Amino acid sequence: MSTRRIFIKNSLGSLAALTIGSEAFSLVNGFSKKEKLGVALVGLGYYSTDLLAPALQLTQYCSLKGIVTGSPDKAKHWQQQYHIPEKNTYNYQNFDDIANNADIDVIYIVLPPSMHAEYVIKAANAGKHVWCEKPMAVSVAECRAMIDACKKNKVKLSIGYRMQHEPNTQRIIQFRKDKTYGVVKWVSAKAGYFDSRTNHWKQKKEMGGGSMYDMGVYPLNAARYVTGEEPIAVTAKQSTTRPDIYKGLDETMQFRLEFPGGAVAECETSFGKNMNSLHVTCAKGWYKLEPFQAYGGIKGTTSDGKALNATIPNQQAKQMDEDALAILQNTPVLVPGEEGLKDIKVVEAVYRSVQQNGRVLIGR
């Protein structure tokens, strides 16, 4: 494990107690006088309201400094609750003005997937580092445009795969790297919940709706990080028990991934039933996380009795602190845009498999 990750792991165990010298922040031009990065949240829905904003109050290296919303009522409420000045409050018409705001270092895109590419590119063109919620975008072409814009503007792009920052998940990734239980043979990964809403963006195809884009990237990303390989073929089947709500969309998606080393992953995702498990069978044993992507904590075990039950104060705070440190110390982010692109390449293949009603190869 790198020195930086060891430091992060140790320090985040006691978020409130951590102090650090100013010399740690002299590594990147433009941030030498800052001990925290100013973050602006774009889109003030559930995830920003209930999870990211509270988590930002727990972080050591970032602070909620701005908001972007199309709702004047939301803007007023957030200004009062988080002491956000009017000059750091934007809407979608004056978004580009954020380029001139020195309080804002990072723009976190928390919008429906169909809007990710547009606002990531706008944020990059404004000269701000970018954090983007998963799924990265709705097409490989959009992912590449996002990556290119961030490279062109010399800003970092990180995708919000919080599980890759989570300690139990990091431990099973290390199992794979060390071959603790031998090579991976079979994976079962399932993520879903019953969504009772009937008119949300997740039920609108044009906004990036469907279970595969939203919850499906959890089992997909898990299958990739436990095997350490990119899938070469997929066979998928979509279904719905509520066709009046999921019009032409996948309420449920089952997909089977084949990997070049011989491993197979049986995956499922749904907005129609509760699922939250990751089981990995290897040549010399097995391990599992159940739940493997819950906000409240991850738990699991192994075939030889190891407990996978490390806890952290807040998943989103750890994710954002690690991403902020990467900016401050000018080191690679843990989950760059290229990682999000790899998932969307598979998502596109999943939908091709559904259309063709059979196995399809995934282009490199």
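The values are calculated or read from the model by the stated rules, or taken from the named source; none is laboratory data. Predicted model only: the values in this text are computed from it and were never measured. When we count neighbours, we look across all protein chains shown, and the Cβ atoms used for this are built from the backbone with ideal geometry, even at glycine.
Just one of the listed residues (LYS318, LYS299, LYS247) is modelled with pLDDT under 95, of a type outside the set (S, T, N, Q) and in contact with a helix residue (DSSP H, G or I) (Cβ under 9 Å, 6 or more places away or on another chain), namely LYS247.
Yes/no per residue for (1) in contact with a strand residue (DSSP E or B) (Cβ under 7 Å, 6 or more places away or on another chain); (2) β-branched (Val, Ile, Thr); (3) at pLDDT 95 or above; (4) under 27 Å from GLU166 (Cβ atoms):
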{"residue": "ARG4", "(1), (2), (3), (4)": "no, no, no, yes"}
{"residue": "SER71", "(1), (2), (3), (4)": "no, no, yes, no"}
{"residue": "TRP78", "(1), (2), (3), (4)": "yes, no, yes, no"}
{"residue": "ASN94", "(1), (2), (3), (4)": "no, no, yes, no"}
{"residue": "ALA102", "(1), (2), (3), (4)": "no, no, yes, no"}
{"residue": "ILE107", "(1), (2), (3), (4)": "yes, yes, yes, yes"}
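When TYR218 is tested against the conditions (1) within 20 Å of ARG359 (Cα to Cα); (2) not in a strand (DSSP E or B), the lone failure is (1).
If the condition is being of a type in the set (Lys, Arg) and either modelled with pLDDT under 95 or crowded, with 19+ Cβ neighbours inside 10 Å (or both), then the stretch 142-160 contributes only LYS156. Scanning the stretch 332-363 for residues that are at pLDDT 95 or above, out of contact with any Pro (no Cβ under 7 Å at 6 or more places or on another chain), more than 21 Å from VAL120 (Cβ to Cβ) and not charged (D, E, K, R) turns up ALA349, VAL350, TYR351, SER353, VAL354, GLN355, GLN356, ASN357, GLY358, VAL360, LEU361. Scanning the stretch 310-332 finds no residues that are surrounded by fewer than 22 Cβ atoms within 10 Å (Cβ to Cβ) and closer than 15 Å to SER188 by Cβ.
Is there a residue in the stretch 120-141 that is aromatic (Phe, Trp, Tyr), over 14 Å from VAL217 (Cβ atoms) and at pLDDT 95 or above? Within the stretch 120-141, one or more residues are aromatic (Phe, Trp, Tyr), over 14 Å from VAL217 (Cβ atoms) and at pLDDT 95 or above. Regarding ILE327, is this residue within 30 Å of LEU64 (Cβ to Cβ), outside the structural domain of CYS62 (by TED's automatic domain parsing) and touching a helix residue (DSSP H, G or I) at 6+ places or on another chain (Cβ under 6 Å)? Against the criterion (within 30 Å of LEU64 (Cβ to Cβ), outside the structural domain of CYS62 (by TED's automatic domain parsing) and touching a helix residue (DSSP H, G or I) at 6+ places or on another chain (Cβ under 6 Å)), ILE327 does not qualify. Scanning the stretch 78-127 for residues that are among the small types (Gly, Ala, Ser) and assigned to a helix (DSSP H, G or I) turns up ALA99, SER114, ALA117, ALA123, ALA124.
Take the residues in the stretch 164-202 that are among the aliphatic types (A, V, I, L, M) and not in a helix (DSSP H, G or I); name whichever of them is farthest from ARG242 (Cα to Cα). By that ranking, first place goes to VAL183. What do you reckon, is GLN203 in the same structural domain as GLY305 (by TED's automatic domain parsing) and more than 19 Å from the chain's Cα centre (by Cα)? Considered against the rule, which asks whether it is in the same structural domain as GLY305 (by TED's automatic domain parsing) and more than 19 Å from the chain's Cα centre (by Cα), GLN203 comes out as yes. In this entry, GLU230 is excluded by the filter for residues that are part of a strand (DSSP E or B), touching a Phe, Trp or Tyr at 6+ places or on another chain (Cβ under 9 Å) and surrounded by fewer than 23 Cβ atoms within 10 Å (Cβ to Cβ).
Within the stretch 84-109, the set of residues being of a type in the set (A, V, I, L, M, F, W, C) and within 18 Å of VAL155 (Cβ to Cβ) comprises PHE95, ILE98, ALA99, ALA102, ILE104, VAL106, ILE107, ILE109.
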